[in-house]
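Q: Below: one structure in structure tokens.
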Amino acid sequence: MNNNSLGNTARLLGAGLRALLVLTVVCGVIYPLVVTGVARLAFRDRADGSELTSGGHVVGSELIGQRYDLPKRDPGDPDEQARPDLRWFQPRPSNGLAANTLNTRYRLLVSGATNLSGDNEKLIEQVKEAKAAVVRDNSTPGHPVDPADVPADAVTSSGSGLDPQISPAYAELQVQRVAERNHLDVRQVERLVADATSSRILGFIGEPGVHVLKLNIALRELASR
């Protein structure tokens, strides 16, 4: 009886190990390679992270928003506030982003929302400060910005904090400032905004949006001519 029990146990362990080995090879090696290969053949751009290039260099992803700030005055000061580079179109705020505190070997940002309610004093203060900054930064001689014209996405962050798009209203609000800073004609910059604007999906899903990175790539090319 003991010998039979040991033999059965050994056979079960052997079968389990063989199944583990086969499933590891199939699910952990073959399947990922096949899926990756099909994705790279059928959806090469998306499989590589929807990268956007400018001047032969990867400058970002079509799916992830980014800031356009001036260099820090003191690179060693972690508390120094970022200052927007007003030559470029600016994205919406990213107050939902947080620092990575678990794996400190890598300087990563954690995507997320503020999760603050509409009547939260901190959120109200953030919105007021953001609105004042938008009015101040985008007002140019002879073209002051009316605070009533500041759209909601200019002063609030998205659920991810990484929204790559802004509303056409926010892009239009920045046109005059961008044109003056880059010594361009306003109509030229307005055409860039129109070209970077996407419509609703199927004509009724979502809202029109302006892709900030694509817009700034086109702006760089125009300004360099």
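Q: Under the 0.36 nm per residue contour assumption, what length would be gained going from the current alpha-carbon distance of residue 10 and residue 198 to full extension? Walk me through the intermediate numbers first.
A: Numbers: separation 188, 0.36 × 188 = 67.68 nm, distance 6.33 nm.
Contour length minus Cα-Cα distance gives 61.4 nm.
Q: List the DSSP H helices in the chain whose Cα atoms stretch 24 Å or more along the helix axis and whose mean Kyte-Doolittle hydropathy is at least 0.5.
A: Numbers: long enough: 2-25 (34 Å, 0.58); 121-138 (26 Å, -0.61).
Qualifying helices: 2-25.
Q: Let me ask you something else. Grab the alpha carbons of the chain, take their convex hull, and tell me the volume per residue in Å³. Walk me through the numbers on the way to the answer.
A: Working: hull volume 56.7 nm³, N = 225.
Taking the convex hull of the Cα positions in the chain, it is 252 Å³ per residue.
Q: Moving to a separate point now. Give me the distance in nm between label points sitting 7 Å out from Cα along the Cα-to-Cβ direction at residue 220 and residue 35, one decimal.
A: Here the modelled spin labels are 3.3 nm apart.
Q: Here is a further query. Please list, in chain and number order, the residues 5+ apart from residue 69 or on another chain whose amide H is under 5 Å from its amide H, with Hs placed from the backbone.
A: 85
Q: Then there's this: Check the straight Cα-Cα distances from residue 122 and name the lysines below 22 Å, setting aside those fewer than 8 residues away within the same chain.
A: Within the straight-line cut-off, residue 122 pairs with 131.
Q: Continuing with this model, one more query. I'd like the Karplus ³J(HN,Hα) series for region 51-63: coefficients 6.51, -1.76, 1.60, θ = phi - 60°, whole numbers in Hz, and an x wherever there's a Gly or Pro.
A: Rounded to whole hertz, the list is 5, 10, 10, 8, x, x, 10, 6, 10, x, 10, 5, 9.
Q: Sorted by packing (mean other beta-carbon atoms within 10 Å per residue), highest first, where do 78-86, 144-152, 90-98, 185-193 land? Can you show the working numbers first?
A: Numbers: 78-86: 10.8, 144-152: 13.0, 90-98: 20.4, 185-193: 15.9.
Most protected by this proxy first, the peptides run 90-98, 185-193, 144-152, 78-86.
Q: Between exposed chymotrypsin sites (Phe, Trp or Tyr not before Pro) in the chain, where DSSP calls loop and at most 11 other Cβ atoms lie within 10 Å, what's the longest gap?
A: On the way: sites that count: 43, 106, 204.
With a cap of 11 other Cβ atoms within 10 Å, the longest stretch comes to 107-203.
Q: For residue 148 and residue 183, compute 0.36 nm times the residue count separating them, minus their Cα-Cα distance, and round to one decimal in nm.
A: Full extension of this stretch gives 9.9 nm more.
Only the coordinates and a few stated rules stand behind these numbers; no lab work does. Keep in mind that this is a model prediction, so the values were computed, not measured. Please note: Cβ atoms are built from the backbone with ideal geometry, for glycine as well, and neighbour counts cover all protein chains shown.
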